[in-house]
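Below is one structure. I have some questions about it.
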Amino acid sequence: MKEPLAKAYEPKSFEEKWYAYWNDNGLFGAKVSPGQPKFSLVIPPPNVTGSLHIGHALDETIQDILVRYARMQGLKTLWVPGADHASIATHAKIEEMLANEGTSRWELGREKFMERAWEWKDKYGHIINDQIKALGASCDWTRERFTMDEGCSKAVTEVFVRLFEKGLIYKGNYMVNFCPGCHTVISDIEVEHEEEQGSLWYVRYPLEDSDQYIEVATTRPETIVGDSGVAVSPKDHRYKGMTGKYAILPIVGRRLPIIQDDHVDPAFGTGAVKVTPAHDPDDFEMGRAHNLEFVSVIDTHGKMTAAAGKYQGMDRYECRKAILKDLEEQGYLVKTEAYKHAVGHCHRCDSTVEPLISEQWYVKMKPLAEPALRVVREGEVTFVPERFTKVYLNWMENVHDWCISRQLWWGHRIPAYYCQECGQMTVSREAPAKCPHCGGQVKQDEDVLDTWFSSGLWPFSTLGWPKTTPDLNYFFPTDVLVTGYDIIFFWVARMIFLSLEFTGRSPFHHVVIHGMVRDALGRKMSKSLGNGIDPLDVVAEYGADALRLSLTTGTAMGNDMRLYDEKVEGARNFCNKLWNATRYMLLNLEGWEIPAKPVEPRSASGRWILSRLERTVEAVREALDRFEPGDAIGFITDFIWNEFCDWYIEISKLDLAESDLADEAKAVLWTVLRESLAMLHPFAPFVTEELWEHLPGRPDGPKGSLIVTQYPQAHAHKIDQEAEDEIEALIEATKAIRNMRAEVNIPTGKKARAIIAADDPSRWERRLPYIQR
RNA sequence: GGGGAGUUGGCUCAGGCGGUUAGAGCGCGUGCCUCACAUGCACGAGGUCUGGGGUUCGAGUCCCUAACUCCCCACCA
């Protein structure tokens, strides 16, 4: 036997030891074993330069529970860890660092910037791994990957080239969402719309050769200098006479054709709209349909261009003020109304997104979406909880082409090369030495790919694709993907259609969606609010198991949850309870030999607790099989605390004193505790392993480790309804006695005596009604 | 403008298929260091299950409706 257990649960004293033990002995590893059942999943790769936040802790905990449960069922279990280069997010961090140094990416240049970025990655990249380990996540670190490592980068190029060759990637000049803060184009889903209090300005444009005006309303007066038309609804008879005529743009003097278009709502504003084809998505379409001029007046930095004339060089908001002033002075501004409207902001830096025209790369979505819809509709991929299926389908049905180029440097550079001589473009896996058309010098496209392009390949790129590796053959498709509902579109959807296109299979069978972790008041945790909980602080104070338990207890998959100290404390207390239950057992089992045969108790108490254990095991397995660890842990704690500790242990004190029951009681204590530890292990791996080590009968060496022990089987014990009824009646009776003597207080030892005193249930059945009254 | 989730004791949440006195944890009150555990034990107070209507012998539990909260999606200037 090992050293005696400390009096209280002290997680610090053993957590690191156990993680190292598991990892060093290869217990997280998975061997390719063709023909044998497996369980595999890939970690949602955290940002390489990030640090662990509470959301990761929840995500890793759920995964680790499923992984450990699978492993304990004897499945060949692989959990692939790794990190995401997180193009745009990392950029923001590095640029912030550069700004603090008084420089910028532009000053540094691409090459130097990349050096700094890799330095940064090497310096901070391991931090998050250490944090993940502190949580107990049993990933196979020998298979760790990075989205920008050689293999993943090869996969990215391969995918790009094949999509291009198939005509599913194209380059085009369209209206895009440009973030002046990050200085890159972003995709539709990276734009967050927020209601803002703005103004609606009414401006009159003089009609050509007339003293009349046409009045328009706008929320963005700075774009006036880019106007190339005025549109009215074809149904709007107020403007019938004006259609086909021209208005004169104030300040600029440009002639603006007055056109009819269905985009215009006659009920809004004045019913007449200024058309700025280069800076508004609607106007862009109208401009195309009516052959209007495209005048770009705002550049990628949010500054006015030369086309803005006298406003050139001004910031867009500065320009707004200037133009309003000028309009007012010249008598064109009719009125200003307060107006609430949705404004697009950058998901990353919160800058107001600028719609502008720019040449970018796109993935054609229609052909890819079709199979991605089919596999979900047909149930090849299922969402847990089910309601997210609809969210996914609805999005995929209406998906737009995916803008994948970014004007950033940290990331996978687009494998397109332009000839400096003939101007022709070549897309290829390897950089061509010369232009294949004319032999001229080539230059690679400056842009990198959207970070989700590479993470979209994660489930198969990490297993070796495009090579056909044994890992890929055996572990792919993966079984489950665990992630938050916030990245269903960003990531889950992309993985599904890319995997279908390139492997012909769904990347996983089940998508388990969890909610967000909120603070005690239900608020989102954020830096600005300063209400974030650092998971490592929690681990340091209460232990990793307490954190894991508090993150999984009492929440259903997909629902947001609140985390606060009292909750973690409760979980810690539970660990302590278990700890002391084990101490109690060890104290009483000194010198006891494990019987050759499983115990078959004669006492009602023994039959009762084994029956309850059996029911718990069944319920727990069932909950885990439907990916609801929250339910499972509820059943386990209820069993351990309220049945095993509160009642069975108390009863056992008496049984142990009876010579004919003592042996049986010991065996029951041992059996129940043993299975409880095993049952709890996926949820609280450290404390269970530590206690397991002290259990009689634990074989030495890694094979005796709880992590690789079999999970409690269903149907291992008898359901004994008779014993359950009997003991439950006794419990009721005991409670009744306590009720009668509330003021007296029956101490723990006597609690058990009370049960014994009530050992004739029939007698109590007769008495109960009177006692209860 | 479309979806989705929710509204159960002071707080956080459970309550398949409708059925006897609606559960738990925390908090609160009272009494206890009882030979596993005060990170504990015992006892107790506390709920018109958001409002309205309906189905039913019977509804937190099913249907309709209203209100409020939260979230997602959406190119209306």
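The values are calculated or read from the model by the stated rules, or taken from the named source; none is laboratory data. Note that the structure is predicted; figures quoted are calculated from it, not measured. Methodologically, a virtual Cβ is constructed for each residue, glycine included, from the backbone with ideal geometry; neighbour enumeration extends over all protein chains shown. What goes into the accessible areas is simple: the full protein's heavy atoms, side chains included, and nothing from ligands, DNA or RNA. Shrake-Rupley method; radii C 1.70, N 1.55, O 1.52, S 1.80 Å.
Once label points are set 7 Å from the Cα along Cα→Cβ at both A:His263 and A:Glu328, what is their separation, rounded to one decimal in nm?
2.9
If a/c stays under 1.5 just call it rounded; otherwise compare a/b with b/c (prolate if a/b is bigger, oblate if not). Do that for the stretch A:485-587, with a ≥ b ≥ c from the square roots of the Cα gyration tensor eigenvalues.
Working: a/c = 3.17, a/b = 1.65, b/c = 1.92.
Judged from the Cα gyration tensor, the stretch A:485-587 comes out oblate (a/c at least 1.5, b/c at or above a/b).
Less than 14 Å Cβ to Cβ from A:Lys112, Lys/Arg counted +1 and Asp/Glu -1: what total charge do the surrounding residues give?
On the way: positive: A:Arg105, A:Arg110, A:Arg116; negative: A:Glu95, A:Glu101, A:Glu107, A:Glu111, A:Glu115, A:Glu119.
Net charge around A:Lys112: -3.
Order of A:654-660, A:439-445, A:213-219, A:484-490 by packing, highest average Cβ count within 10 Å first? It would help to have the intermediate numbers written out before the result.
On the way: A:654-660: 13.6, A:439-445: 15.1, A:213-219: 19.1, A:484-490: 17.4.
So the peptides A:654-660, A:439-445, A:213-219, A:484-490, ranked by packing, come out A:213-219, A:484-490, A:439-445, A:654-660.
Could you compute the FRET efficiency for A:Glu215 and A:Asp315, with r as their C-beta to C-beta distance and R0 at 30 Å, rounded to 0.05? Write down the numbers at each step before the final one.
Values: r = 28 Å, r/R0 = 0.92.
According to the calculation, E is roughly 0.60.
Now a separate question. Let's test the formula: R0 of 56 Å, r as the Cβ-Cβ distance of A:Asn473 and A:His237. What FRET efficiency results, to the nearest 0.05?
Numbers: r = 70 Å, r/R0 = 1.24.
After rounding, the FRET efficiency stands at 0.20.
Excluding residues on the same chain fewer than 8 positions from A:Lys597, give the lysines whose Cα lies under 22 Å from its Cα.
A:Lys666, A:Lys703, A:Lys718
Also, I was wondering about something else. Using a cut-off of 18 Å between alpha-carbon atoms, which lysines can reach A:Lys443, once sequence neighbours fewer than 8 places away in the same chain are excluded?
Correct list for A:Lys443: A:Lys171, A:Lys434.
Follow-up. Roughly speaking, what is the stretch gain from A:Ser104 to A:Glu195, that is 0.36 nm per residue apart minus the C-alpha to C-alpha distance, in nm to one decimal? Please report the intermediate quantities before stating the final value.
Values: separation 91, 0.36 × 91 = 32.76 nm, distance 3.23 nm.
Extra length available between A:Ser104 and A:Glu195 comes to 29.5 nm.
Summarise the accessible area of chain A (1.4 Å probe, protein heavy atoms) by the percent that is carbon and sulfur.
Values: 16340 of 33740 Å².
The C+S portion of the solvent-accessible surface of chain A is 48 percent.
While we're looking at this one, here's another question. State in Å² the accessible area per residue of chain A; use a 1.4 Å probe, count heavy atoms of protein chains only, and round to the nearest integer.
Normalised by residue count, the accessible surface of chain A is 44 Å².
I've got another one for you. What translational diffusion coefficient, in µm²/s and rounded to a whole number, does the Stokes-Einstein relation yield for the stretch A:378-514 at 10 °C and a viscosity of 1.306 mPa s, taking the hydrodynamic radius as the Kirkwood radius over Cα pairs?
Details: Rh = 17.1 Å.
Taking Rh from Cα pairs, D becomes 93 µm²/s.
Another question, if that's okay. Just reorder A:Asp282, A:Asp625, A:Asp299 by solvent-accessible area, largest first, 1.4 Å probe, all chains present. Write out the running numbers ahead of the final one.
Working: A:Asp282 75, A:Asp625 95, A:Asp299 50 Å².
If we order A:Asp282, A:Asp625, A:Asp299 from most to least accessible, we get A:Asp625, A:Asp282, A:Asp299.
When the label point is put 7 Å from the Cα of A:Glu208 along its Cα-to-beta-carbon vector, which residues of the stretch A:235-253 have a backbone N closer than 19 Å?
The answer is A:239-253, whose backbone nitrogens lie closer than 19 Å to the label point.
Kindly provide the helix-only [θ] at 222 nm of chain A, computed as the sum of -39,500 (n - 2.57) over DSSP H runs of four or more divided by all residues, to the nearest 500 deg cm²/dmol?
Working: 26 runs with 312 residues, N = 773.
Taken over chain A, the calculation gives -12500 deg cm²/dmol.
Mind checking the stretch A:134-241 for trypsin sites (Lys or Arg not before Pro) that DSSP puts in a loop (not H, G, I, E or B) and that have at most 15 other Cβ atoms within 10 Å? Could you put the intermediate results ahead of the total?
On the way: sites: A:Arg143, A:Arg145, A:Lys154, A:Arg162, A:Lys166, A:Lys171, A:Arg204, A:Lys235, A:Arg238, A:Lys240; in loops: A:Lys166, A:Lys235, A:Lys240.
Within the stretch A:134-241, the qualifying trypsin sites (Lys or Arg not before Pro) (loop, at most 15 other Cβ atoms within 10 Å) are A:Lys166, A:Lys235, A:Lys240.
In whole angstrom, how far apart do the alpha carbon centroids of the stretch A:639-692 and the stretch A:208-285 sit?
80
Sticking with the crude label model, points 7 Å out along Cα→Cβ, report the distance from A:Lys653 to A:Leu521 in nm, one decimal please.
Between A:Lys653 and A:Leu521, the simple spin-label model gives 4.5 nm.
Which order do you get for A:Asp350, A:Asp262, A:Asp720 if you rank them by accessible area with a 1.4 Å probe, largest at the top? Walk me through the numbers on the way to the answer.
On the way: A:Asp350 85, A:Asp262 120, A:Asp720 25 Å².
The most accessible residue leads, giving A:Asp262, A:Asp350, A:Asp720.
Under 30 Å between alpha carbons, and skipping anything fewer than 8 positions from A:Lys567 in its own chain: which lysines qualify?
Candidates past the 8-residue exclusion: A:Lys7, A:Lys12, A:Lys17, A:Lys133, A:Lys524, A:Lys527, A:Lys577, A:Lys735, A:Lys751.
What whole-number distance in Å separates the alpha-carbon centres of the stretch A:463-489 and the stretch A:532-575?
Each part reduced to its Cα centre gives a spacing of 29 Å.
Something else about it: Keeping every protein chain in place, order A:Ile594, A:Ile54 by accessible area at 1.4 Å, biggest value first, i.e. largest first. Working shown, then result.
Numbers: A:Ile594 70, A:Ile54 10 Å².
From most accessible down to least: A:Ile594, A:Ile54.
Okay, next question. Quick check: pseudo-label points 7 Å beyond the Cα along Cα→Cβ at A:His694 and A:Lys735, how many nm apart are they?
3.2
Using 21 Å as the Cα-Cα cut-off, could you pick out the over-long pairs in A:Lys274/A:Lys364; A:Lys235/A:Lys274; A:Lys166/A:Lys366; A:Lys245/A:Lys274? Show your work: numbers first, answer last.
On the way: A:Lys274/A:Lys364 31 Å; A:Lys235/A:Lys274 17 Å; A:Lys166/A:Lys366 13 Å; A:Lys245/A:Lys274 14 Å.
Pairs exceeding 21 Å: A:Lys274/A:Lys364.
Over what distance in Å are the Cα centres of the stretch A:584-612 and the stretch A:412-427 separated?
So the two Cα centres are separated by 75 Å.
If you don't mind, another one. Rounded to a whole number, what is D in µm²/s for chain A from Stokes-Einstein with the Kirkwood radius over alpha-carbon pairs (10 °C, 1.306 mPa s)? Let's see the in-between values first.
On the way: Rh = 30.7 Å.
Stokes-Einstein gives a translational diffusion coefficient of 52 µm²/s.
For A:Val32 and A:Lys340, what is the calculated FRET efficiency with R₀ set at 45 Å and r taken between the beta-carbons, to the nearest 0.05?
Numbers: r = 59 Å, r/R0 = 1.30.
For A:Val32 and A:Lys340, the calculated efficiency is 0.15.
Please work out how much length the chain gains when fully extended from A:Asn642 to A:Arg602, using 0.36 nm per residue of separation minus the C-alpha to C-alpha distance, in nm with one decimal. Show your work: numbers first, answer last.
Working: separation 40, 0.36 × 40 = 14.40 nm, distance 2.24 nm.
Taking A:Asn642 through A:Arg602 to full extension adds about 12.2 nm, to one decimal.
Expected output is a single nm value to one decimal: the length gained when fully extending between A:Lys17 and A:His126, i.e. 0.36 nm times separation in residues minus the C-alpha distance. What is it?
Working: separation 109, 0.36 × 109 = 39.24 nm, distance 1.94 nm.
Full extension from A:Lys17 to A:His126 adds 37.3 nm.
Could you pull out which residues in the stretch A:581-613 have an amide N less than 20 Å from a spot 7 Å beyond the Cα of A:Lys718, following the Cα-Cβ vector?
A:595-613
Amide H of A:Arg518: which non-local residues (sequence gap of 5 or more, or other chain) have their own amide H closer than 5 Å, using H built in the peptide plane?
A:Met561, A:Arg562, A:Leu563
I've got another one for you. Rank by packing, highest mean first: peptides A:416-424, A:177-185, with packing defined as the count of other Cβ atoms within 10 Å averaged across residues. The partial results should precede the final answer.
On the way: A:416-424: 16.0, A:177-185: 23.2.
Descending packing order for the listed peptides: A:177-185, A:416-424.
Continuing with the same structure: Rounded, prolate or oblate, given the Cα gyration tensor of the stretch A:274-351, with a/c below 1.5 counting as rounded?
Working: a/c = 1.25, a/b = 1.10, b/c = 1.13.
Rounded, because the longest to shortest axis ratio a/c is under 1.5.
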